1. Would you calculate the separation in nanometres between label points at LYS279 and GLN244, each defined as 7 Å from the Cα along the Cα-to-beta-carbon direction?
2. If you plug each phi of the range 452-460 into the Karplus form 6.51 cos²θ - 1.76 cosθ + 1.60 with θ = phi - 60°, what whole-Hz ³J(HN,Hα) values come out, in order, with x for Gly and Pro?
3. Using only C-alpha positions, report the orientation-averaged shadow area of the convex hull of the range 1-131, nm², one decimal.
4. Quick check: pseudo-label points 7 Å beyond the Cα along Cα→Cβ at LYS14 and GLU643, how many nm apart are they?
5. In vacuo Debye scattering of the range 126-187, one point per C-alpha: log10 I(q)/I(0) at q = 0.21, 0.22 Å⁻¹?
6. How long are the semi-axes of the equivalent ellipsoid of the range 267-403, defined as square roots of 5 times the Cα gyration tensor eigenvalues? Whole Å, largest first.
7. Count charges around ALA92 for me, please; just the other residues with Cβ under 9 Å from its Cβ, Lys/Arg as +1, Asp/Glu as -1.
8. What's the extension gain from ALA23 to ALA504 if we count 0.36 nm per residue and subtract their Cα-Cα distance?
Amino acid sequence: MDNTSSSVIEAQLKSIQQLIQSAKFTDAIQQGKQCLNEITDPQQQAECWYLIAVAQRYQKSYEQALESVEQLLSINEKHSRAYQEQGYIYLALNQLTQAKGAFEQAVKLNPCLVASWQELIELYREFKQPNELQQTANQLEKLKKLPPALLAVTELMHEGKFLKAEQICRHFLQQNKRHIDGMCLLAEIGIELKIYDDAEFLLATALELAPTHLQARSLYLNLLIRLGKYKTAEKQVELLLKEQPTNLSFKVAKASVLTGLGETEQAIILFEEAIETEKTVAGFHLQLGHALKAKGDIEQAVAAYQRAYQLKPSYGDAYWSLANTKTYRFSDNEIEQMQTQQQQQNLELTDKVQLLFATGKAFEDKQAYQHAFNAYQQGNKLQHEHNAFDISNIEQQVAEQIKYCTAALFEQRGQLGLNSPDPIFIVGLPRAGSTLLEQILASHSQVDGTMELHNILGLAARLKGRDPKNTNQYPKNLGEINPDYFKRFGQQFIDETRVYREQAPLFIDKMPNNFLHIGLIRLILPNAKIIDARRSPMACCFSGFKQLFAEGQEFSYSLDDIGRYYQAYLKLMSHWHTVLPDFVLTVNHEDVVDDLEKEVRRILAFCDLEFEPACLEFHKTKRTIKTPSSEQVRQPIYKSATEQWRHFEPYLTPLKQALNNN
């Protein structure tokens, strides 16, 4: 729909609203039904049905109003105000049990609906539910304390309208610069929009202004865990536990932090203590499973994941975590269970996607390739729609890197960075064999393995800036910024990543997406080593397509997108080889599988390291590994995975076409 017709519909919806406010309910219903014939946008259709239902209720046409609500929910089953409206209709019909259920569903979807909470107070009083009555009164009091602007912001957030929420919240903070709740809300919006550096800065600032604000510190802690900044997170969780030593969620957060820091033994003890306190919380068993898996205790991890889905049969994450061990084989009973759960009416999107990916893996292991592909395809489609990812943005980024990161730039500014030789970056696409290369290198006495660090991506985001009028500041500004900054950025990277290291002189950062920022790395750390982990296109792309990533890698949920992404990656890597000769070593996964020793010697020579036999016996190296390949790299090299994609070849035409469109 174009902007003109969209704005015409918006005007019509406003007109219907005004008719309701003027008590012209018949006219409102008539105009609403006419309007429905012209609307194609689902969001506007839902809004129109909502207005019709409201008018019908005011007109006391309750049965028709319920039908209109059902129409609305068939378009958007998570429309919180639809359930609120349903609650009002049931109240009018004196069907109090149904009314209570509807209002409860409304506040579950949007905890900021003051009117629904007010009705629930009366209903809980009627049904003699004192605990629920108290909780509702507390929630209502909390909401009423919020300034109206922030209440509007929270409502918009729960409706998924984050850009509008951000606009109102920023405007509010311009008038109320030190409002901590406002800063927390804006940070939450930033987290939802994945503008993590802004959110981190906001929360750190809020805590400087209000060190005892528990919500700000708790939000800050969760963000740090998400970003993998476990050392800073450890300080925050200790402060929270000092305030509330018995708070179970803080104890569990500490266990997650310890898992991130590689202190899995202590983490496991804490998770087990939490389970002892609250035996039926499926999430605790899941997190215990993650810690056990990171430690390498796969049998116990599997038992923990199974316990999680036994406690909560629709828990997609438990099934996907089993699939994601890569070695677990589902029973027929479990496959049937997963398929049953997928059909649940009110299943969360996340659970459905995880169940579909796990089902895909289960069928693939049974060599039922068509069933497997159907499940993978459905899971990817749902995730792709949810992400609203646009591959052309990546292609644009690649074009800008090629345009501005020229040989002349490196000639003029290539010696300004920090001369530290410490980092070895492993870049490329996910599922290209980077965990294997990291495990080989981390088996060397002079190298620490760390994890996928976000520091370079964070620096690139800061250089890009937030000015919507000037979206392509970075990488253009690499040729313009103060020359002193490059050494400072390099030092900052070394300082910030020190917490992930042990005592070895060199360390690995295996964030695959850093291939987009090799020019930036060269300018701030000219002596760094960069290894491009490469795998044949079909094998790499299909392996990415059937992997559900914890976060990021949005390009991987469409065969066309992933093919175009691979092409953009090849194009940019070719550019780096031209303008930065000998700065990047390309290592083909197939070559490592075919002749391990030859490739290991080549990698070590590139990193100026002496050969050590331990690198050939990488699978014996004991270390915490948190990527999907953790179990595979604890085994000797195997060749079976290199051609797995061929079983799915009949279904991969869109991928082949994208890869062949040079």
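The values are calculated or read from the model by the stated rules, or taken from the named source; none is laboratory data. Just so it is clear, the structure is predicted and the values come from calculations on it, not from any experiment. Glycine also receives a Cβ, built like all others from the backbone with ideal geometry; neighbour counts cover every protein chain displayed. Protein only, heavy atoms only, side chains kept; ligands, DNA and RNA dropped before computing areas. Shrake-Rupley method; radii C 1.70, N 1.55, O 1.52, S 1.80 Å.
1. Going by the 7 Å Cα→Cβ label model, 2.5 nm.
2. The phi angles translate into 7, 8, 8, 5, 5, 4, x, 5, 4 Hz.
3. 8.1 nm²
4. Going by the 7 Å Cα→Cβ label model, 6.5 nm.
5. Log10 I(q)/I(0), no solvent term: -0.80, -0.84.
6. 30, 21, 15
7. Neighbourhood net charge equals +2.
8. Full extension of this stretch gives 165.6 nm more.
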